[in-house]
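Here is the structure we will look at, set down as structure tokens.
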Amino acid sequence: MSVLISPALLNGSSAPATETEEDEESLTHPLLNSLSRSASNNTSQVAIVGSSVSPIESLDYEIMENDYFKQDWRRGEKIQILQYVSMKWMMCFFIGLLVGLVGFCNNLAVENIAGMKFVVTSDLMRARRYTTAFLVFASSNFGLTLFAGLITAFIAPEAAGSGIPEVKAYLNGVDAPAIFSLRTLFVKIVGSISAVSGSLVIGKAGPMVHTGACIAALMGQGGSQKYGFTWKWLKYFKNDRDRRDLVTCGSAAGMAAAFRAPVGGLLFALEEMASWWRSALLWRAFFTTAVVAIVLRALIDVCLSGKCGLFGKGGLIMFDVTSANVAYQIWDVPPVLLLAVIGGIWASLYNFLQDRVLRIYNRINERRAAYKIVLALTVSIFTSCLLFGLPWLAPCRPCPSDTSEPCPTIGRNGNYKKFQCPPGHYNDLASLFFNTNDDAIKNLFSKNTDAEFHPFSMLIFFITCFFLSIFSYGIVAPAGLFVPVIVTGAAYGRFIGMMFGSHSTLNHGLFAVLGSASFLGGSMRMTVSLCVIILELTNDLLLLPLMMLVLLISKTVADAFNGNIYDLIMRAKGFPYLECHAEPYLRQLAVSDVVTGPLRLFNGIEKVGNIVHVLKTTGHNGFPVVDEPPHSAAPVLFGLVLRAHLVTLLKKKAFLQNPVPAGDDAFEQFSADDFAKKGLDHGDRVEDIQLTDEEMDMFIDLHPFCNTSPFTVVETMSLAKALMLFREVGLRHLLVIPKVSGRIPVVGIITRHDFMPEHVLSLHPSLAKSKWKRLRVKLPRGVKII
């Protein structure tokens, strides 16, 4: 029969035993308290995924080495092993090919849709039909945002936002339903095109990372099970470990496609996304991003011949923003240092405000879909009014005589927008606002344009982008943060360059590049990957020393105030993310201090009725299996059996009339697909299995289906050391065994939620005062923002 034991009674711990305990828990989000599944701690099983509250579960990167697994691989021939390895490389090739095509089509669609809108608006402005021009501009943005909001709210709420926090949490071991589904992929692509074309201050880099991860995950599971598009020959990849590797390659490909930066995309996945890395994965990710670069290069050549409509040579991934030789002197370093320090402060303020606004938006997004759409449309109307109204504040400037392009610009893109100005003049602020974000960055980064923009116009553009990007992220639409941070930082850097003027030999375009680096380093807190991405964008290796200096300083300054923007978003959404470091107070605790119960055990040969009862009354995902006399001389831990495998055994009715070990024919009624990993909410449920009273009195031999070598730790091990083991190996369950023999062979199970600060401090509140906190610069108590 199954055994129920309270670990607190076994080890003398002061940790209270509880009625039930879920092993797939997350950090408590302040907005999700009402959805908490546990009364014993402050954790819950839900998080905000995209724009909706959804259940989450932990992933298990440990291979279940049971007898069936071993026998299946013993039967495998060398040709099957070769097929397994070659299919991994083939999958990376197709991931790179598809992500490259999607990235190009995204840019092509945005440039043409937004370009048509700007052309019509500019024609009306030249005809001095200002009211009609505003109505066309605002209504176009309204319609595009409405379309993006509708498909996101009603088809795939998981597609809202950047997607990088969700993918990063997945690679850390947290799964959520539908984040990689086919409908999420569709809405992510179409919604991103529509929202970016609607002149919202958002980017498409984050959605491209999520898109690449979706493509990789769908290919890794053989297609979409819901819509019947599956391939059985991909059965080897139906486990968490292989899917994780493919999703890592997909995220690297997405970033590479967003900025045409293959090495930068690879380093982005290594530095920011992945929680687990190895050399074989590095090679495959590099191969994937290389395929992306080749696909983009081939498609660029097609567009250079003028076959892409209004696309032309525009698009952030399609041009070299500056390729001039850079010459700088030692006296140029102090202005760059000042730019980096102030940029880090501004970026930390950006993160702070973004976190506060996102928490407010989360309260709205928890309501009905109508509230989400109204919020998105309100932001769209407000953005249209600012983009159309603020250029009227800028003075008209005479066209330069030495320009290489027409002035004023006729058509969509260009540095010289006429707007309301007389012939021979241009509006510098309209040249930034009446362009896509990609073309605005191109204008700001461009060389030999020091006299093109007025400082007042640049200050207005910086402040507007700073706040619009904060309020635009979090609405019910796919929206990224990378491009808004780049354009905001470029405006800041160019303004700093104007302030120094003749005191520096650097041109304003280079100051804009360094300003973008300072904002990216201060907001994203990455260094190596951002440095390479910007260098691949600018095609200027001579900027490397200054770029490294700016990124290091801005990151260091911003670290004194708050955390990485993506970590703040994950915390606001409620994802139970395990950091790569352990809080020092965890070293004061042993693993037995956080084990809660009661613990559910199974015998090696267990009664069917007992298994059904435990599965129906608990939410545990794994159960220790213990052998007792007469099957062993003394109680001994045999292994760990998963809930999904128990449900499969019940469904297949692999029952025995008597409690005796099963024979060698126990595997004949099973196939590898029966034990393959299924997506969340796609597996069988014990409630759906119909069993007779006679069957409930039968037995199941669990020995062949147990993982006989689960990871275990002694109950006296420090919690900090256990956390490192748990995270580095990618575990879902960590068995705790007693230090002294003669007791029951297993004390409890450590899962992800047991390492969460909320859970640990709820059990040991006295440690809250000694909780380690990073050195932060805090405002006076009387000064509060929001």
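Under 17 Å from a point placed 7 Å out from the Cα of residue 758 along the Cα-to-Cβ direction: which residues of segment 565-591 have their backbone N that close?
567-579
Efficiency by 1/(1 + (r/R0)^6): what FRET value for residue 392 and residue 499, r their Cβ-Cβ distance, R0 = 22 Å, to the nearest 0.05?
0.30
Kindly report the accessible area of segment 552-669 per residue (heavy atoms of protein chains, probe 1.4 Å, no ligands, DNA or RNA), in Å². Before the final figure, lay out each step's value.
On the way: 4550 Å² over 118 residues.
Accessible surface, normalised per residue, equals 39 Å².
Summing +1 for each Lys or Arg and -1 for each Asp or Glu, what net charge is found among the other residues whose Cβ lies under 12 Å from the Cβ of residue 406?
Details: positive: 417, 418; negative: 405.
Taking every other residue near residue 406 into account, the sum is +1.
So the label point goes 7 Å from the Cα of residue 528 along Cα→C-beta, right? Which residues of segment 238-265 then have their backbone N under 16 Å from it?
252, 262-265
Considering only the other residues whose Cβ falls under 11 Å of the Cβ of residue 281, what net charge follows from Lys and Arg at +1 and Asp and Glu at -1? Let's see the in-between values first.
Working: positive: 88, 241, 244, 278, 284; negative: 242, 245.
My count for the surroundings of residue 281 gives +3.
If you filter segment 248-296 for trypsin sites (Lys or Arg not before Pro), then keep DSSP loop positions with at most 13 other Cβ within 10 Å, what is left?
On the way: sites: 260, 278, 284; in loops: 260, 278.
Passing sites in segment 248-296 are 278.
Report in % the part of the accessible area of segment 77-184 that belongs to carbon and sulfur, leaving out ligands and nucleic acids; probe 1.4 Å.
Values: 3060 of 4100 Å².
The C+S portion of the solvent-accessible surface of segment 77-184 is 75 percent.
Ignoring ligands and nucleic acids, what accessible area does residue 571 show with a 1.4 Å probe (Å², nearest 10)?
110 Å²
Simple spin-label model, 7 Å along Cα-to-Cβ: residue 364 to residue 116 in nm?
2.9 nm
Evaluate the distance, in nm, between pseudo-label points positioned 7 Å from the Cα of residue 740 and of residue 307 along their respective Cα→Cβ axes.
Between residue 740 and residue 307, the simple spin-label model gives 8.0 nm.
HN-Hα J couplings of segment 263-269 from phi, Karplus 6.51/-1.76/1.60, θ = phi - 60°, integer Hz, Gly and Pro as x?
6, x, x, 4, 5, 4, 5
Quick one: which residues, 5 or more positions from residue 407 or on another chain, have an amide H under 5 Å from its amide H? H modelled 1.01 Å from N in the peptide plane, none for Pro or chain starts.
none
Give me the extension gain from residue 456 to residue 132: residue separation times 0.36 nm, minus the current Cα-Cα distance, reported in nm with one decimal.
Numbers: separation 324, 0.36 × 324 = 116.64 nm, distance 2.77 nm.
In short, 113.9 nm is gained.
Using 0.36 nm times the number of residues separating residue 692 and residue 651, minus their current alpha carbon distance, what extension gain do you get?
Details: separation 41, 0.36 × 41 = 14.76 nm, distance 1.25 nm.
Fully extending the segment from residue 692 to residue 651 adds 13.5 nm.
Indicate the gyration tensor shape class of segment 683-763 (rounded, prolate or oblate), computed on the Cα atoms with a ≥ b ≥ c the square roots of the eigenvalues: a/c under 1.5 is rounded; otherwise a/b larger than b/c is prolate and the rest oblate. Walk me through the numbers before you get to the answer.
Details: a/c = 2.35, a/b = 1.74, b/c = 1.35.
Note, shape of segment 683-763 comes out prolate.
Could you work out what % of the accessible surface of segment 363-430 is carbon and sulfur, using a 1.4 angstrom probe and leaving DNA, RNA and ligands out of the count? Numbers along the way, then the final one.
Details: 2010 of 3260 Å².
Solvent-exposed carbon and sulfur of segment 363-430 make up 62 percent of the total.
Take the alpha carbon gyration tensor of segment 385-538, find the square roots of its eigenvalues, order them as a ≥ b ≥ c, and report rounded if a/c is under 1.5; if not, report prolate when a/b exceeds b/c, else oblate.
Working: a/c = 1.86, a/b = 1.29, b/c = 1.44.
Oblate, since a/c reaches 1.5 and b/c is not below a/b.
Charges on Cβ only, +1 for Lys and Arg, -1 for Asp and Glu, centred on the Cα centroid of segment 322-403; of 358, 403, 390, which one is farthest towards the dipole's positive end?
358
Using the Karplus curve 6.51 cos²θ - 1.76 cosθ + 1.60 with θ = phi - 60°, work out ³J(HN,Hα) for each residue of segment 702-709 in order, rounded to whole Hz, and write x for Gly and Pro.
Once θ is set to phi - 60°, the couplings for segment 702-709 become 7, 4, x, 10, 8, 7, 7, 10 Hz.
Per residue, how large is the accessible surface of segment 329-452? Use a 1.4 angstrom probe and give square angstrom. Let's see the in-between values first.
Values: 5180 Å² over 124 residues.
Result: 42 Å² of accessible area for each residue.
Quote the FRET efficiency, to the nearest 0.05, computed for residue 711 versus residue 371 with a Förster distance R0 of 41 Å and r equal to the Cβ-Cβ distance.
Computed FRET efficiency for residue 711 and residue 371 comes out at 0.35.
According to the square roots a ≥ b ≥ c of the eigenvalues of the Cα gyration tensor, what is the shape class of segment 106-151, taking rounded for a/c under 1.5, prolate for a/b larger than b/c otherwise, and oblate for the remainder? The partial results should precede the final answer.
Details: a/c = 5.74, a/b = 1.54, b/c = 3.73.
Since a/c reaches 1.5 but b/c is at least a/b, the shape of segment 106-151 is classed as oblate.
Compute the distance in nm between two label points, each set 7 Å from the Cα along the Cα-to-Cβ direction, one at residue 631 and one at residue 155.
Label at residue 631, label at residue 155, 5.1 nm between them.
For residue 467 and residue 81 in the same chain, what is the full-extension length gain: residue separation times 0.36 nm, less their Cα-Cα distance, in nm? Write out the running numbers ahead of the final one.
Working: separation 386, 0.36 × 386 = 138.96 nm, distance 5.40 nm.
Length difference between fully extended and current span is 133.6 nm.
The values are calculated or read from the model by the stated rules, or taken from the named source; none is laboratory data. Not measured: the values here are computed from a predicted model. Reconstructed Cβ throughout: ideal geometry from the backbone, glycine too, with neighbour counts over all protein chains shown. Protein only, heavy atoms only, side chains kept; ligands, DNA and RNA dropped before computing areas. Shrake-Rupley method; radii C 1.70, N 1.55, O 1.52, S 1.80 Å.
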